[in-house]
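Below you'll find the structure, written out as structure tokens, and then a few comments.
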Amino acid sequence: MNGIHDMGGMQGLGTIGYQASEPMFQEPWEGRVFALIRAMPVGSLRPYIERIPAAEYLRMSYYERWYTAFLTRLLEQGIVTHAEVERGHADPAAGKATPAITPAVARELLFKTPHEEQDIALTPRFYVGERVRGRNIHPTTHTRMPRYTRGRTGVVERMRGVFHLPDREHGAGEPTPQHVYLIRFPARALWGDDAPAHDALYIDMWEDYLEPA
Amino acid sequence: MSQRHADHAHDHTNVPAEPALRVKALESLLVDKGLVDPAALDVLVDTYENKVGPRHGAQVVARAWVDPAYKQRLLADGTAAIAELGFSGGQGEKLTVVENTPAVHNVIVCTLCSCYPWPVLGLPPTWYKSSAYRSRTVMDPRGVLRELGLDLPDDVEVRVWDSNAASRYLVLPERPSGTASLSEADLARLVTRDAMIGVAKVPAPREGGGA
């Protein structure tokens with residue numbers, strides 16, 4: 001969706017606030033939010049983050065967004081109820097589960113690499129070196145196609161493998177595996193003639209985001 | 001980090017507004033429901049606070065600087081070459097290493113979220129997650145780099161990598177001059193987080209660097 005999270009190329013969003021070093025978590029609760037989300041795999045929270053209204057999104061810190069998305073997801077899935085959240089205690093009538101992530105499993109998680117690439121043989125629609133254009137599409141739900149690539153022309157730099165289209169992952173129909181391509185967009189194709197002539201931007205694009213140029 | 005019921009007991013019906021209290025309340029609830037084990041949460045926090053971080057990436061970079069065959073493998077298949085040094089895990093399925101040279105400078109960003117190569121750099125710093133860094137780096141990388149202290153000549157090609165899909169990027173910085181006599185371990189100590197994001201160069205050692 002064309003939400004506030006799709007920030008590439010926007011202007012006026014404040015300062016970077018660079019710090020040479022900082023604690024991994026600014027406050028202990030941030031670490032707890034991070035750990036809660038890792039310990040309860042409830043599926044991707046990104047669509048929930050992207051649904052946070054823009055003004056609130058900008059006001060919230062990074063971990064406040066994750067907390068909000070996580071809680072929304074838990075409520076929507078019926079894992080917790082509003083009444084329980086308000087009380088901070090389980091409904092006595094609700095059954096007690098057994099935690100999926102034990103300390104031993106949590107230790108293993110450190111080295112466990114996700115495997116999203118699909119071992120499916122599909123004929124690629126585009127080839128390395130081909131000129132392609134970002135399609136002029138405006139999905140209303142989650143997508144990994146930033147606005148700034150739409151209608152812009154680049155070149156296929158590399159094949160990335162077959163992955164499910166993230167746009168369809170969240171309850172919107174069957175999985176749609178397809179090739180992902182690394183695309184090189186000249187800076188001038190994206191930002192006009194004021195951009196330096198030989199600078200470039202590289203981004204992965206699912207097949208559905210592209211058309212021949 | 002075990003008893004956390006007392007702190008929010010004073011609250012009546014509304015969810016406490018302060019994040020720390022709200023998070024404590026949610027954790028208590030999920031523990032109460034048997035959905036999470038607080039000891040597992042402690043392990044997860046400790047992992048990301050103390051066990052992963054830019055030191056891993058620095059070891060990868062130093063190895064690439066001293067071992068041309070390793071560097072070749074690293075640039076061809078980052079995930080596999082990084083796993084050779086024992087580094088893997090979340091956000092690490094498709095690690096792509098991009099090499100800085102006198103002619104090309106790479107910088108990484110995630111405009112849609114804050115994706116970052118956890119197995120080699122740990123969790124991202126706050127500024128990397130800032131709206132300003134996410135929005136500006138794709139459109140005006142030279143301006144962002146200048147603001148962070150790196151002024152690149154016009155004839156250097158700047159390549160921005162937007163981490164929007166499964167790929168996560170690590171910049172292989174240029175080896176500074178004056179380091180010919182340094183050991184791999186000493187070289188790793190020179191490598192900074194910022195150089196591996198691409199917002200800085202690795203500084204040359206001030207002394208004891210040989211040539």
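The values are calculated or read from the model by the stated rules, or taken from the named source; none is laboratory data. Here the structure is a predicted model, which means the values were calculated and not measured. Here Cβ is always computed from backbone atoms with ideal geometry, including for glycine, and neighbour counts include all displayed protein chains.
Here is a check on your reading of the model: is B:Leu29 facing another protein chain (nearest Cβ under 7 Å), at pLDDT 90 or above, surrounded by 16 or more Cβ atoms within 10 Å (Cβ to Cβ) and not in a helix (DSSP H, G or I)? Judged against the criteria, B:Leu29 is not a match. Looking at this structure, is A:Met145 part of a strand (DSSP E or B) and either surrounded by 20 or more Cβ atoms within 10 Å (Cβ to Cβ) or within 14 Å of another protein chain (Cβ to nearest Cβ) (or both)? When the stated conditions are applied, A:Met145 does not pass them.
Quick grid of which residues meet (1) surrounded by 20 or more Cβ atoms within 10 Å (Cβ to Cβ); (2) hydrophobic (A, V, I, L, M, F, W, C):
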| site | (1), (2) |
| --- | --- |
| B:Pro68 | no, no |
| B:Lys71 | no, no |
| B:Ile82 | yes, yes |
| B:Gly86 | no, no |
| B:Gly90 | no, no |
| B:Lys94 | yes, no |
| B:Asn100 | yes, no |
| B:Cys110 | yes, yes |
| B:Trp118 | yes, yes |
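Scanning the stretch B:44-94 for residues that are small (Gly, Ala, Ser) and free of Cβ contacts under 8 Å to residues at least 40 places away in the same chain yields B:Ala69, B:Ala76, B:Ala80, B:Ala81, B:Ala83, B:Gly86, B:Ser88, B:Gly89, B:Gly90.
Here's the yes/no breakdown for (1) at pLDDT 95 or above; (2) closer than 14 Å to B:Trp161 by Cα:
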residue: A:Pro146; (1), (2): yes, yes
residue: A:Arg150; (1), (2): yes, no
residue: A:Val155; (1), (2): yes, no
residue: A:Arg158; (1), (2): yes, yes
residue: A:His164; (1), (2): no, no
residue: A:Ala172; (1), (2): no, no
residue: A:Gln178; (1), (2): yes, no
residue: A:Tyr181; (1), (2): yes, yes
residue: A:Pro186; (1), (2): yes, yes
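No other residue among A:Arg32, A:Arg38 is touching a residue at least 40 places away in the same chain (Cβ under 8 Å), within 7 Å of chain B (Cβ to nearest Cβ), crowded, with 18+ Cβ neighbours inside 10 Å and in a helix (DSSP H, G or I) apart from A:Arg38.
Here A:Asp91 meets the list (1) more than 8 Å from every other protein chain (Cβ to nearest Cβ); (2) in contact with a helix residue (DSSP H, G or I) (Cβ under 7 Å, 6 or more places away or on another chain); (3) assigned to a loop (DSSP other than H, G, I, E, B); (4) surrounded by 15 or more Cβ atoms within 10 Å (Cβ to Cβ) almost entirely, failing just condition (4). Reported count of residues in the stretch A:74-86, each being part of a helix (DSSP H, G or I) and surrounded by 19 or more Cβ atoms within 10 Å (Cβ to Cβ), is 2.
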